[in-house]
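Written below as structure tokens is the structure these notes are about.
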Amino acid sequence: MLVKIRERSKGIVAYFLVGLIAIAFSLWGMDSLFTAMRGDPNEVAKVNSESISQFQVDQVAQQQMRQLQQQGQIDTDQLDMNLLRQFALNQIIQEQLVQQKVQQLNMQVGDRQLERQIVRISSFQDEEGRFQQDRFSQLIAQQGLSPQAFRAQLKQDILAQQLLGGLSASEFILANEVEEFQLLIGQKRDYRYKIIPTQSYLSQVEVTPEEIENFYQQQAQNFQTPEQLRLNYLIFDPSQLAKQFNPSEAELKAEYERYISSLQNQQSDYSAAHILLTYSTAAEKQQAQERLEAVKEKIQAGADFATQAAEVSEDIATAKQGGKLGRIQAGSLNASFEEALFALEQPGDLSNVIETEFGLHLIQLTDKQEPELPAFETLRPELVERVIAQPLRNATSEKLEELTNLSFSSDNLASVAEAADLEVQLSDWLVRGKLKGIWAESKVSKAIFADDLIKDGWLTQPLALADGRYLIAGRETYQPQEQQALEEVSEAVTAELKQQKASELVSKLAQQQLDKLQAQEEVAGDWQSVNKATRNASQVLADINQAAFRLSLAKPTTSLSLINGDSVIIELHQVTQGELSSNEAEVSQLSLALQEEQSYRMQNSFVQQLERDAKIILR
């Protein structure tokens, strides 16, 4: 739950916002964990009396990984799945604790409230804010959910969010707190600083052979040759196989007809309305069938479809709109529904009564716009690709099977190349951890530094590359990581040791000069003045500026070491408080942000307390 909240907001203010966040996650791939399968014998944890199975953990971990893939922010092949599973387990534990609290408090949400919440979801609305049944059906179908399953998940999520939203609503920020925050965050500071560079003191540092030896032994891991290898390799490009296929005109024209037919279905702009009747038993189904047949006869005799839908349809979301579903895109609805709709030719045409998982439907085509169809010659290159696609896939599969068998049965890449009519190539030196190009692709980098190749001399299996080609590699030369002798790295060891000792020296000098400042004595040197610096000032190093903002006029001096070994002395001169905004909208927005942050901390503390009070057993 808290994972979801963090992803969408810094904090939650009211139930309505929280509810929308829960809905968004129900829609966009984070299926509700509350309805996950229970009772798997492979139990990994128990929260009070409720079991968590390995299946649940793997399911959530996979969902998280798919999200990372969709965001494109990380190479998921390099993810540590065990770490991801641990995150998933923690998330499920928090979910279950909140749900158990909801049940303990006997919290409820009514069906009417649930329906009102659904029609308010912006993702299901058109540009004018009206609920669209077609969007609703399309989006939940993409998640593999029926309307009933979606409503069940949403109901549980809303209940959990009501609990956390109630906590959020109890938080408030006082006006003086907002003022104090403005004064603090808008502060400006005048200070001076002096850098004591390590470089200036290197000549004063002396190191003995004994110190060099000791430093070398202590830092031995930093003085090693890198693990590296050179590879012989083959590249198989499936696109080269396309040259052997030459489709006939008859094949191209047949494919053109299939393509145009598909294009008409996919790009034709259909609008429809429907009347839905649900049932629970065979008898109710028969009654629903007969009732829809009677309605169809009335409409064919002149009755208005919209009026009949308003009176008869059990689809609450569309009945009052005359059963209108809006525009229908191919693939967005149930296949049986679309097949019946796309068979209708003229606006006003009615379908037979058809059955889907939602019930029985009578469909009316309300509008249909035909797309412009491209000419045969315009599509010729694409048609060639479509005709040879399956033969090319078959040929590629056969070639890959041949290469797999050859690479498995041989440790000689040259024989594989000869049998497969491919060229052996030689790589440059490839250093572990510093790979580039195709060698940096996760599958390749793992395979080329695997023991099978390095120690046993085996060839890799065909490895799929990001550009669609395949790689087979074998070891040519391998150099393991080895300790370098002190004689080889003496200069580097000496330089690093002198740098370290010089850094220690300037740190002591900085402390001595700081003591003088604190004793009200003047310290000479190359001081740099900074005036009216803000917290995110860019004219000075961030470490220095942050240190200056940690000072007070009561204790105005400090020193610090920079990452390069230099030392810095800082003296604060003046603090100018921030200004209070006179813009009511800005103040209101700031107050809301502070309240959201405080609300988030309240929610976080609440769930942590649930964890402390619960009996959680990890297997």
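The values are calculated or read from the model by the stated rules, or taken from the named source; none is laboratory data. Because the structure is predicted, anything quoted here is derived from the model rather than measured. Positions of Cβ are backbone-derived with ideal geometry, glycine not excepted, and every protein chain shown enters the neighbour counts. The accessibility values were calculated without ligands, DNA or RNA, using every heavy atom of the protein model including side chains. Shrake-Rupley method; radii C 1.70, N 1.55, O 1.52, S 1.80 Å.
Starting from the Cα coordinates of the stretch 398-512, work out the convex hull volume and express it per residue in Å³. Mind showing how you got there, number by number?
On the way: hull volume 17.3 nm³, N = 115.
For the stretch 398-512, the hull spanned by Cα atoms encloses 150 Å³ per residue.
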Discussion item. What does the C-alpha gyration tensor say about the overall shape of the stretch 86-132? Classify as rounded when a/c is under 1.5, otherwise prolate if a/b is larger than b/c, or oblate.
Written reply: oblate
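Nearest 20 debye, what's the magnitude of the dipole of the stretch 533-619 about its Cα centre given +1 on Lys and Arg Cβ and -1 on Asp and Glu Cβ?
Details: 7 positive and 10 negative charges, 102 e Å.
Roughly 480 debye, rounded to the nearest 20.
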Discussion item. From the mean inverse distance of alpha carbon pairs (Kirkwood) and the Cα radius of gyration, derive Rg over Rh for the stretch 330-372.
Written reply: 0.98
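Starting from the stretch 495-587, pick out the GluC sites (Glu not before Pro) whose DSSP state is loop and whose Cβ has at most 15 other Cβ atoms within 10 Å. Can you show the working numbers first?
Details: sites: 496, 504, 521, 522, 571, 579, 584, 586; in loops: 521, 522, 579.
For GluC sites (Glu not before Pro) across the stretch 495-587 that sit outside H, G, I, E and B with at most 15 neighbouring Cβ atoms in 10 Å, the list reads 521, 522, 579.
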Discussion item. Step by step: find N for the stretch 530-619, compute 2.2 N^0.38 Å, then divide the Cα radius of gyration by it. What's the final number?
Written reply: 1.70
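Using the Cα centre as the reference, give the magnitude of the dipole from point charges on the C-beta atoms of the chain (Lys, Arg: +1; Asp, Glu: -1; all else neutral), rounded to the nearest 20 debye.
1780 debye
How many Å² of accessible area per residue for the chain, probe 1.4 Å? Write out the running numbers ahead of the final one.
Values: 34540 Å² over 619 residues.
Result: 56 Å² of accessible area for each residue.
Per-residue ellipticity at 222 nm for the chain, helices alone: DSSP H runs ≥ 4 residues times -39500 (n - 2.57), over residue total, nearest 500 deg cm²/dmol? Write down the numbers at each step before the final one.
Working: 21 runs with 308 residues, N = 619.
Helices in the chain give a 222 nm mean residue ellipticity of -16000 deg cm²/dmol.
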Practice prompt. Go through 280, 518, 261 and say which Cα lies farthest out towards the positive end of the charge dipole of the chain; charges sit on Cβ, +1 for Lys and Arg, -1 for Asp and Glu.
Written response: 518
Fill in: Whichever lysines have a C-alpha closer than 26 Å to that of residue 155, once near sequence neighbours (fewer than 8 apart) are set aside
4, 10, 46, 101, 320, 324
Worksheet item: Between rounded, prolate and oblate, where does the chain land on the alpha carbon gyration tensor, with a ≥ b ≥ c its root eigenvalues, rounded for a/c under 1.5, else prolate if a/b exceeds b/c?
Response: oblate
Item to complete: Please label the shape of the stretch 135-261 as rounded, prolate or oblate, based on the square roots a ≥ b ≥ c of the eigenvalues of the alpha-carbon gyration tensor (a/c under 1.5 means rounded; beyond that, a/b larger than b/c means prolate, else oblate).
Response: oblate
Worksheet item: What Rg and what Dmax come out for the stretch 264-321 when only alpha-carbon atoms are used, in angstroms?
Response: 13.4, 39
Fill in: Selection from 173, 158, 490, by position along the positive dipole direction of the chain (Cβ)
173
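Can you give the Rg to Rh ratio of the stretch 136-182, both from alpha-carbon atoms, with Rh computed by the Kirkwood formula? Don't skip to the end; give the middle numbers.
Values: Rg = 18.6 Å, Rh = 13.7 Å.
Using only Cα positions, Rg/Rh for the stretch 136-182 is 1.36.
Ignoring ligands, DNA and RNA, please state the percent of accessible area on the chain from carbon and sulfur, probe 1.4 Å. Mind dumping the intermediate values first?
Values: 16160 of 34540 Å².
The C+S portion of the solvent-accessible surface of the chain is 47 percent.
Which three semi-axes in whole Å describe the equivalent ellipsoid of the stretch 470-619, each the square root of 5 times a Cα gyration tensor eigenvalue, listed largest first? Present the calculation step by step, with values, prior to reporting the outcome.
Working: eigenvalues 358, 275, 71 Å².
Equivalent ellipsoid semi-axes, largest first: 42, 37, 19 Å.
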Fill in: Residue (of 594, 56, 224) at the positive-pole extreme of the chain, dipole from beta-carbon charges
594
